[in-house]
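Participant: Mind having a look at this structure? Questions to follow.
FYI, it's all coordinate maths here, none of it is from the lab. All values reported here derive from a predicted model rather than from experimental measurement. A quick note on method: Cβ atoms are made from the backbone with ideal geometry, for glycine too, and the neighbour counts reach across all protein chains shown.
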Amino acid sequence: LPGVPKLGKLVKTILRQVPDVKRLRLSSIDSIEADEDLLDAIATEPRLMPHLHLSLQSGDDMILKRMKRRHLRDQSIRFCEDVRKLRPGIVFGADIIAG
């Protein structure tokens, strides 16, 4: 959304301003929302849990377009590969619609 903080900035702000937060877990991530601050936090912040739940929905680009998703299959794969390079132990979960 225009004019609102990006996800990475929010994550870094929460972790900086609330030092008592021992763990922060992100859910329903759209890879299009992954900015440099978020990638940096994933790589360097141990309180950010090494699990990302991705909002994939489908692995078919035509279906994704019909669903008005903002990502394509290859973008999601590339995102996972890039994040895994930053934090090798990270695991991914996802919702997939079949049928």
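Participant: Would you compute, from DSSP H runs of 4+ residues alone, the mean residue ellipticity of the chain at 222 nm, taking -39500 (n - 2.57) per run and dividing by the full residue count, rounded to the nearest 500?
Facilitator: Values: 4 runs with 40 residues, N = 99.
Helix contribution divided over all residues of the chain: -12000 deg cm²/dmol.
Participant: Run the dipole for the chain about the Cα centre, Lys and Arg Cβ at +1, Asp and Glu Cβ at -1, nothing else charged, and hand back the magnitude in debye, nearest 20. Kindly include the intermediate steps, with their values, before the conclusion.
Facilitator: Numbers: 18 positive and 14 negative charges, 38 e Å.
Dipole magnitude for the chain comes out near 180 debye.
Participant: Compute the angle between helix 7-17 and the longest alpha-carbon principal axis of the chain, please, reported from 0 to 90 degrees and rounded to the nearest 10.
Facilitator: 20
Participant: In percent, how large is the relative contact order of the chain, given Cα pairs closer than 8 Å and 6 or more residues apart? Don't skip to the end; give the middle numbers.
Facilitator: Working: 121 pairs, mean separation 29.4, N = 99.
The value is 30 percent.
Participant: With θ set to phi - 60° and the Karplus curve 6.51 cos²θ - 1.76 cosθ + 1.60, what are the ³J(HN,Hα) couplings of region 50-64 in order, to the nearest whole Hz, using x for Gly and Pro?
Facilitator: x, 9, 10, 9, 9, 8, 7, 6, 7, x, 10, 4, 5, 5, 4
Participant: For the chain, with a Gaussian network of springs between Cα atoms less than 10 Å apart, report the residue from 60, 30, 40 with the top mean-square fluctuation.
Facilitator: For the chain, modelled as a Gaussian network with Cα springs under 10 Å, the answer is 60.
Participant: Which of the lysines could a cross-linker bridge to residue 9, judged by Cα under 22 Å and excluding same-chain residues fewer than eight apart?
Facilitator: 22, 85
Participant: In nm, to one decimal, how far is the residue 68 label point from the residue 92 one, both placed 7 Å along Cα→Cβ?
Facilitator: For the pair residue 68/residue 92, the computed spacing is 2.5 nm.
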